[in-house]
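Read-outs throughout are calculated quantities, based only on the coordinates presented, and are distinct from any laboratory measurement. Owing to the predicted nature of the structure, the values given are computational and were not obtained by experimental measurement. Here the Cβ positions follow ideal geometry from the backbone for every residue, glycine too, while neighbour counts run over all protein chains shown.
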Amino acid sequence: MQASPLDALHDVLPPSEVSWWPLSPMVWAVALSTLILVLIICRYAYKAHCHKKAKKQAILQSQQHPNNAQALHIILKRLTKHYYGVAATTQSQNQWAHTLSRLSGLSFNEQELNSLYAPTPDSQLADKLTLAINKFKLKETINV
């Protein structure tokens, strides 16, 4: 009888397991790119948080003066100055009303804003200014 050729395979040793350390260059590249991506996302989230901090503070201050239209108007002016610069807040009354309408999504007119300086300001204006602070747009482009 003839011997089977498979009997000779018993002498073949299987390869030993490959160690996971040191990592291959591709694994290092994936790990490094993942780390960079996480850092970029964290930086973006932090910048967005810092950008919105002034509006959050204005909303808190508006809750302290719910019926004082003059104080709410000052808070709104400070908020506009913070995000859009001094030029946006030092406009004529008519242009300021237009800018305020654009940034809040509500309609303001010159008469309403002039009522702030009356002996008894309009009580509905305080509610409207509070709503304007809450709806204030942070990324609107305005040309002053």
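Considering only region 51-69, I want to know if a residue exists there that is surrounded by 11 or more Cβ atoms within 10 Å (Cβ to Cβ), among the charged types (D, E, K, R), touching a residue at least 24 places away in the same chain (Cβ under 8 Å) and out of contact with any helix residue (DSSP H, G or I) (no Cβ under 9 Å at 6 or more places or on another chain).
yes
So in region 15-35, with the set limited to residues that are outside any loop (DSSP other than H, G, I, E, B) and aliphatic (A, V, I, L, M), which one is surrounded by the fewest Cβ atoms within 10 Å (Cβ to Cβ)? Outline the logic, then answer.
Residues of region 15-35 that are outside any loop (DSSP other than H, G, I, E, B), as a first pass: 25-35.
Now restrict to residues that are aliphatic (A, V, I, L, M): 26-27, 29-32, 35.
Numbers: Met26: 8, Val27: 11, Ala29: 11, Val30: 12, Ala31: 11, Leu32: 10, Leu35: 10.
Applying the filter and picking the extreme gives Met26.
Any chance region 97-105 includes a residue that's under 26 Å from the mean Cα position of the chain (by Cα) and under 21 Å from His49 (Cα atoms)? Reasoning before the result, please.
Of the residues in region 97-105, the ones under 26 Å from the mean Cα position of the chain (by Cα) are 97-105.
When the remaining residues are screened for being under 21 Å from His49 (Cα atoms), the result is 103-104.
The answer is yes; a qualifying residue exists.
Examine region 36-49 for a residue that is surrounded by 10 or more Cβ atoms within 10 Å (Cβ to Cβ) and hydroxyl-bearing (Ser, Thr, Tyr), and state whether such a residue exists.
Taking every residue of region 36-49 in turn, at least one turns out to be surrounded by 10 or more Cβ atoms within 10 Å (Cβ to Cβ) and hydroxyl-bearing (Ser, Thr, Tyr).
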